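Reading through the structure tokens given below for one structure.
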Amino acid sequence: MHDYEPIIQASAELNELLLNQTPLEQILNGIGGLAVAVIPSCEEAGVTLEEDGKVVARTTTGGRAERVDSYQYDIDEGPCIHASKTGVPVLIEDMAADDRWPRFAFFAHEQGVQSSYSIPMTARGEHFGVLNLYSTANPFGATDETVGSMFAREATNAVRHAAAFIKTHELIDNLQAALESRSIIGAAVGIVMSRDGVSMAEAFEKLAGISQRENAKLRDVASRMTKVYDPGADSDQQGAAR
């Protein structure tokens with residue numbers, strides 16, 4: 001019988017991080033720390049977040065994990081790279097005897113790593129990254145694989161929800177920026193219409209022309225127009241806004 005209480009507790013802690021809208025980097029740090037706490041043979045851990053095959057964030061719980069993780073990314077080979085590309089967990093029971101990635105195994109063994117377990121973080125067909133577990137004393141066994149896989153699912157869900165939350169906020173920010181731009185451009189068009197006695201289309205063309213000549217964004221031109229223009233200002237100041 002496996003003791004699932006640590007996994008349940010880890011899941012609760014990850015959910016609390018999400019509810020508190022914790023920054024993604026802190027969530028990744030939390031995942032690494034909880035992995036060490038709940039997976040029996042794990043002494044250090046690394047979490048790599050990926051998007052479109054590229055590493056976008058990476059954190060480790062200690063110097064040894066940092067060096068070993070960094071090395072396999074530098075040489076582009078090792079259990080983490082393989083797990084990322086194939087979506088299949090990779091267990092190395094004895095680093096000194098493993099011959100699948102000789103350069104990596106030699107370096108990791110020199111760093112004191114006896115065993116490693118790399119678990120892809122995937123959910124609903126989407127790949128988010130890899131959870132790397134390291135042991136210096138005991139080889140990872142069946143219990144570690146079971147607990148590690150369960151924990152990886154909880155960690156993946158946390159990362160997935162955090163990423164969705166971030167994307168939602170980015171979308172909202174972009175929409176707000178677009179609405180602000182539309183409002184500013186509309187105000188500038190109104191100023192030019194009133195000032196020059198032209199139609200809406202002609203006023204917009206004038207702003208677009210300034211944007212092209214100055215190689216500046218239309219929003220920036222419009223923003224400057226609304227700040228500079230003053231019906232009571234002298235003609236020189238108004239001319240500067242044209």
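The values are calculated or read from the model by the stated rules, or taken from the named source; none is laboratory data. All of these numbers come straight from a predicted model, not from anything done at the bench. Here the Cβ is made from the backbone with ideal geometry for all residues, glycine too, and neighbour counts use every protein chain on show.
Can you give me the ranges of the strands (runs of 3 or more DSSP E) entirely in segment 5-94 with at least 3 residues that are charged (D, E, K, R)? If you could, list the steps in order and put the result at the bottom.
Details: elements: 44-51, 54-60, 90-92.
Correct list: 44-51.
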Considering residues of segment 76-95 that are surrounded by 13 or more Cβ atoms within 10 Å (Cβ to Cβ) and out of contact with any strand residue (DSSP E or B) (no Cβ under 7 Å at 6 or more places or on another chain) only, the residue farthest from Ala45 (Cα to Cα): Glu77
Index of the failed condition, Pro6 passing every other in (1) within 15 Å of the chain's Cα centre (by Cα); (2) modelled with pLDDT under 75; (3) buried (at least 17 other Cβ atoms within 10 Å of the Cβ): (1)
Every residue from segment 108-132 that is modelled with pLDDT of 95 or more and farther than 16 Å from Val147 by Cβ: Ala108, His109, Glu110, Gln111, Gly112, Val113, Gln114, Pro120, Val130
Residue match in segment 44-64 (condition: under 23 Å from Gly141 (Cα atoms), surrounded by fewer than 20 Cβ atoms within 10 Å (Cβ to Cβ) and in contact with a strand residue (DSSP E or B) (Cβ under 8 Å, 6 or more places away or on another chain)): yes
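Could you check segment 71-107 and list, in sequence order, the residues that are more than 24 Å from Gly53 (Cα to Cα) and touching a residue at least 24 places away in the same chain (Cβ under 8 Å)?
Glu93, Asp94, Phe107
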Failed condition for Met121, given (1) in a loop (DSSP other than H, G, I, E, B); (2) surrounded by 18 or more Cβ atoms within 10 Å (Cβ to Cβ): (1)
